[in-house]
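For reference, the structure is listed below as C-alpha cells.
The values are calculated or read from the model by the stated rules, or taken from the named source; none is laboratory data. Values in this document were obtained by computation on a predicted structure and should not be read as measured data. Every residue, glycine as well, gets a Cβ built from its backbone with ideal geometry; the counts of neighbours run over all protein chains shown. Surface areas here come from the heavy atoms of the whole protein model, side chains and all, with no ligands, DNA or RNA. Shrake-Rupley method; radii C 1.70, N 1.55, O 1.52, S 1.80 Å.
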Amino acid sequence: MSRDTARPAAEPALRLRYAPPERAYDEMLAGADQPREHWTTFVRAIEGLGPNALARRWDEARRLLHENGVTYNVYGDPRGVERPWELDPLPLVLDGDAWRTLEASLAQRALLLNLIVADLYGRQRLLREGVYPPELAFAHAGYLRPCHGLEVPQGTWLTLHAADIARAPDGSWRALADRTQAPSGAGYALENRLVLRQTLPEPFRDCRVLRLASFFRTLRDTLRGLAPRHRENPRIVLLTPGPYNETYFEHAYLARYLGFALVEGSDLTVRDRAVFLKTLGGLQPVDVILRRLDDDFCDPLSLRADSSLGVPGLVEAVRAGTVTVANALGSGVVETPALMAFLPQLCRRLLGEDLTLASVPTWWCGTPDGLAYVEANLERLVVKPAFPGGGQEAVFGAALTAVGREALRVRIRARPYAWVGQEEMALSTAPVWTGGGVEPRPIVLRTFLVANDGRYEAMAGGLTRVAPQAGSLVVSMQRGGGSKDTWVRSHGPVPPVTLLRPAGAPIELTRGGSELSSRVADDLFWLGRYTERAEGQARLLRAILSRLGDESSAGAEVMSLVDAYADQARLAPSYAYEASTDGPRLSERALVAAAFEPPRGRSVRAAVAAAQRLGAVVRDQISLDTWRTLGLLERDVAQLASGGPFAPGVALAVLNRLVLGLASFSGLAMESMTRGQGWRFADMGRRLERALHTAGLLRTTLGRPRDTEGPLLDALLDVLDLGITYRRRYLGALELVPVLDLVLLDETSPRSVAFQLVALEKHVGRLPRDETRAMRSAEERLALTSTTRLRLADVGALAVVDPTGRRAHLTGLLAALDQDLTALSDAITRSYLSHAETSRPLGGGT
C-alpha cells in the first residue's frame, strides 16, 4: 500500500459539498450524492486517497507538465506567449458500452463529411440538386477553387476528423462543431493521459481504462498507406506554422511520438512538381505531409500570396500525385455551423441512413424559414457567424437588451447567409479539483477519428475541455479553460497497445538517424552559440561582482573586466555606473541591470531567452532533461530580471546557479545527443562562440599592459575556469606568458582558443560535401587558416609591449582570429544554412 493510500479519508473528498446545477446533466452523479455506476470504482479510489493526497497528486501533475514544457500559446496572456497547460487531476469517466454506440455515430459523421468534401471538389451533384446550399460553399473562404478536381488517394479527404460534442440535459450527446481542416488536440490528449496515468496509477489500473496508442498506430499506418510512392518506407513530415503557433508544443510532441520529421514551410521545396525536404546532404523526396497549417496558408503560389508559412507549388505537386497532404487541401470548407442544419438530409442522401449523432439544433439564416425563426427567437438562441475567420464571436441573445437584439437583427438582415442561430444548451458538468475541494464545471469533449480502410476509427476517449469557472457559457482554451483526461472504461482486461515493435520482431540495426533539415541545423548551431554566450558573460559578470565591494576596492582588474563586459555586450562604458552624491559610482545594481533587466541584444538575459526559443523549436532533437534545464535557467534569470531591490550577495548566488545550469545544459546536450550532424552543428556553435568570447576577453584586458597584472591574470583564469590547471602546472606567481599559453595556445585545455579551433577544424572536415570537388571548401580553408595562424604564433612575442605601449602582436593575432571566426560562421551559413531563411512572400512586399 502506498503512502498516499495508507489512511482513508474521514469524509468523502470527491462528493463533499459537490452540488451540480439542477438544469444540467452531471457526468459523475446520478442523484444526490449517488455516483453513476461507471464512476463508482474511480470515486471509491479517490475518496480512499483523501483530499491531502489528492492535492499532492495535483501538484505532482502540474510539476510534470511544467518540466515537460507543455504549453498552449495564448497571445495577449499576461503570463506570456507560452502559457502552461492546465490539466485537472480528475478525469472524465465514460462507460465502455455507451462509448461504442457513440463511436459508431462519430464514425458515421466523419464518413459523411468526407463524402461531402469529395463531392464539393468533384462532381458537385449536391450543389446541382439543391441539397447543399451554394452559398455555404462559394461564400466560404475555406472553399479553395484551385483545388477543384484534385484527386486524393483512396478518396480520403479527411484523414483526421475532430468533433466537439457535449451532453444535453437529457443525457444525450450533441455535436457542437466539426474540425476538418487541421484538427488539434490529439497530442494534448496523449500528454494528459501519460501525466495522469503517472500521478493516479491505482485508479487508472482499477478502472481498466482503454489505451490511446491504437489510435496513433492507426494514424501512422494510414498515412503510410496514403503515400503515392515509396510505400515500404515513405518519408512523412509534420508541417507546422512554427513555434509561435498556439499549439506548437503538440506539433513537436506528435512528430517525436510518431517518428516524423517536424518541418516548417521553408524546410520544403517543390522541384519538377514534387516536394523535397532540404537537408544537409541535399534534397530528399517527401511522400506525405501531415499538416497543422490552415488551408490557405499552405501554398503562396496558388492560394494566399502574402503567406510565408507555406510551400510554393504545393497545390501543383498534389495535383501531379507526387505527394499526399493530410488533411487534403480545401477540407476546411465544411467547417461551418450552418451545415448542421442540413446534415440529416445529406446523411440520408449520401449514406441512405439517418444521422445518429444529432447536432445542437441549428437554423441557417440563409433560408426564409431559418431567418424568420432566428429573428423571432433571438432571446433564447446563440447567434454565430456562419463562416470562420471573420473576427466575430458568438452572441448570446439572452444577454442582450431589447436594443441590442434589434441591432443584431439589423446586422443579420444585411447578410442573412452569413449568420446561424443555435439553441442555447446547458452543458453537462463534471467535477473539477480546485485545490481545496471539487466543484462542477461545464465541459466539452473533443473526439478524434482517423480514416482506416474506408471507415473511421475513434480515439478511445479524447480531450475534455473545462470551462474556466462554474456556470460559464463558453468553454475555450483561449479564454483560460482547462483540460481533463478522458477515461473510457473496459468491462474486461485491457490489451496492451504500443507503437513499439512487438517483442522478438526482427529489427534492422542502424547507426543513422533521420535526415537533418538545414533549418534544424541552423537552430542547433545558434542554440550552441547562445548558451555559450550566456555562460561566458555570466562567468565574466560573476568574476566582477565577486571582486566588487565599495568603490575604493574596485581595483584595476575589476575595471578591466567591466570594460570587457561592455565590449562583449555591446554597451557604453557608462553602463556599470549609477549616480551618487559624489558623482558616478561603480554599482552592483547597474551591472546586474545591464545584464538582466532589459532584454538587450547581447545581454545574458537576451542570450538565455534566445536559447529558450531555439530549445522549443528543436524539442524533438534534445532530451527531456536538457529541456528541463532550460526551464531552470529561465527561473534564475527571472529572479534577477524582476527589477526589485535585492540584498548583497543575491545576484552572485543567482549567477552561480546560472553558470552551473548553463554548464549542465551544455553537458546534457552534448552527452545525450548521438554524434550525428545535429550534435555537430550544436557543438560547432559552442566552439565558435567560446573562441570568440575568449579572444575578445584577452584583446580587451591584455592589449595594453597594467602596472600590476597579477590580479588581472588571476581574474582571467577565474573567468575561464582555468585557475586550478594553472596552479597545478606552475605553482608560483602568475606570469603573462604561461597564462597566454594556457588560455590561447594549449590544444589540451578544453577552454583555450586553440582547443576550440582544433574542434572546429575537425567538425568542418566532416560536414557533407561534394566528394568530386578537388579544392577545399571555403569553411575548410578558413578553419585551417585560423588553426595554423594560432599554431605558428610565438607566445613570447605575443607578450612583448611595443614602443606605443601596446601588445601589437597579441592584439593583431586576436583581431585576425576574430575576423577568421566571423568569416567561418558566414561560410557555414552560406554552404549549409542559408536556405533556412524565411521565404519572401510572392505578392506585394519587398
For residue 770 and residue 729, compute 0.36 nm times the residue count separating them, minus their Cα-Cα distance, and round to one decimal in nm.
10.3 nm
Computed over region 644-724, Cα set: Rg, Dmax in Å:
16.7, 49
Among 343, 651, 360, whose Cα lies farthest out toward the positive end of the dipole of the chain, if unit charges sit on the beta carbon of Lys, Arg (+1) and Asp, Glu (-1)?
343
Sorted by chain and number, the residues with a modelled amide H under 5 Å from that of residue 304, at a separation of 5 or more or across chains, are 299
Just how large is the dipole of the chain about the Cα centre, in debye to the nearest 20, putting +1 at every Lys and Arg Cβ and -1 at every Asp and Glu Cβ?
940 debye
For region 155-183 and region 199-266, what is the separation of their Cα centres, given in Å?
20 Å
Quick one: what Rg and Dmax do you get for region 166-318 from the alpha carbons, in Å?
18.5, 61
Spin-label pair residue 376/residue 256, simplified geometry with 7 Å Cα→Cβ offset, distance in nm
5.7 nm
Contact order relative to length for region 640-769, counting C-alpha pairs under 8 Å separated by 6 or more residues, stands in percent at 24 percent
Rounded to 5, percent antiparallel among DSSP beta bridges of region 168-317:
55 percent
Using r as the Cβ-Cβ distance of residue 546 and residue 148, and R0 as 56 Å, what FRET efficiency do you calculate, to the nearest 0.05?
0.20
Need one number: % antiparallel among DSSP beta bridges in the chain, to the nearest 5.
75 percent
Give the carbon-plus-sulfur fraction of the accessible surface of region 565-720 in %, rounded to a whole number; probe 1.4 Å, heavy atoms of protein chains only.
53 percent
Out of 187, 703, 569 - ranked by how far each Cα lies towards the positive end of the dipole of the chain, with unit charges on the beta-carbon of charged residues - the top one is 187
Counting Lys and Arg as +1 and Asp and Glu as -1 over every other residue whose Cβ sits under 14 Å from the Cβ of residue 730, the net charge comes to -1
For region 282-420 the mean separation of alpha carbon contacts under 8 Å (6+ apart) over residue count, i.e. relative contact order in percent, is 18 percent
For region 365-456, the dipole about the Cα centre with charges only on Cβ (Lys and Arg +1, Asp and Glu -1), to the nearest 20 debye, works out at 200 debye
Where a Cα-Cα gap under 25 Å defines reach, which lysines qualify for residue 278, not counting those fewer than 8 residues away within the same chain?
762
Heavy-atom accessible area per residue - the chain, 1.4 Å, Å²:
42 Å²
Evaluate the distance, in nm, between pseudo-label points positioned 7 Å from the Cα of residue 792 and of residue 829 along their respective Cα→Cβ axes.
2.8 nm
Using alpha carbons only, how many angstrom separate the centre of region 690-712 from the centre of region 270-332?
53 Å
Count the net charge of all other residues whose Cβ sits under 14 Å from the Cβ of residue 426, scoring Lys and Arg as +1 and Asp and Glu as -1.
-1
Of the listed peptides 85-96, 671-682, 438-449, what is their order by residue-averaged count of other C-beta atoms within 10 Å, with the highest listed first?
438-449, 85-96, 671-682
Compute the acute angle (0 to 90°) between the alpha-carbon long axis of helix 753-765 and the principal axis of greatest extent of the alpha-carbon atoms of the chain; round to the nearest 10°.
50 degrees
In degrees, nearest 10, range 0 to 90: what is the angle between the Cα axis of helix 808-828 and the longest Cα principal axis of the chain?
20 degrees
Go through [x] 108, 74, 62; [y] 98, 71, 66; [z] 113, 63, 54 and flag the label whose value is the computed Cα extents along the principal axes in Å for this structure.
[y]
How much length is gained if the chain between residue 439 and residue 737 is pulled fully straight, taking 0.36 nm per residue apart and subtracting their Cα-Cα distance, in nm to one decimal?
100.0 nm
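Determine, from the Cβ-Cβ distance of residue 104 and residue 392 and an R0 of 45 Å, the FRET efficiency 1/(1 + (r/R0)^6), rounded to the nearest 0.05. Intermediate results must be reported in sequence, preceding the final value.
On the way: r = 35 Å, r/R0 = 0.78.
Result of the calculation: an efficiency of 0.80.
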What value, in deg cm²/dmol to 500, does the helix sum -39500 (n - 2.57) over DSSP H runs of n ≥ 4 give at 222 nm once divided by the residues of the chain?
-13000 deg cm²/dmol
If I model a spin label at residue 23 and residue 273 as a point 7 Å from the Cα along the Cα→Cβ vector, what separation in nanometres do I get?
6.0 nm
Neighbours of residue 338 by Cβ distance under 15 Å: Lys/Arg at +1, Asp/Glu at -1, summed charge -3
Calculated FRET efficiency for the pair residue 345/residue 491, C-beta based, R₀ 41 Å, to 0.05
0.65
With Cα coordinates, the longest principal axis of the chain makes an angle with the long axis of helix 710-719, in degrees rounded to 10, of 20 degrees
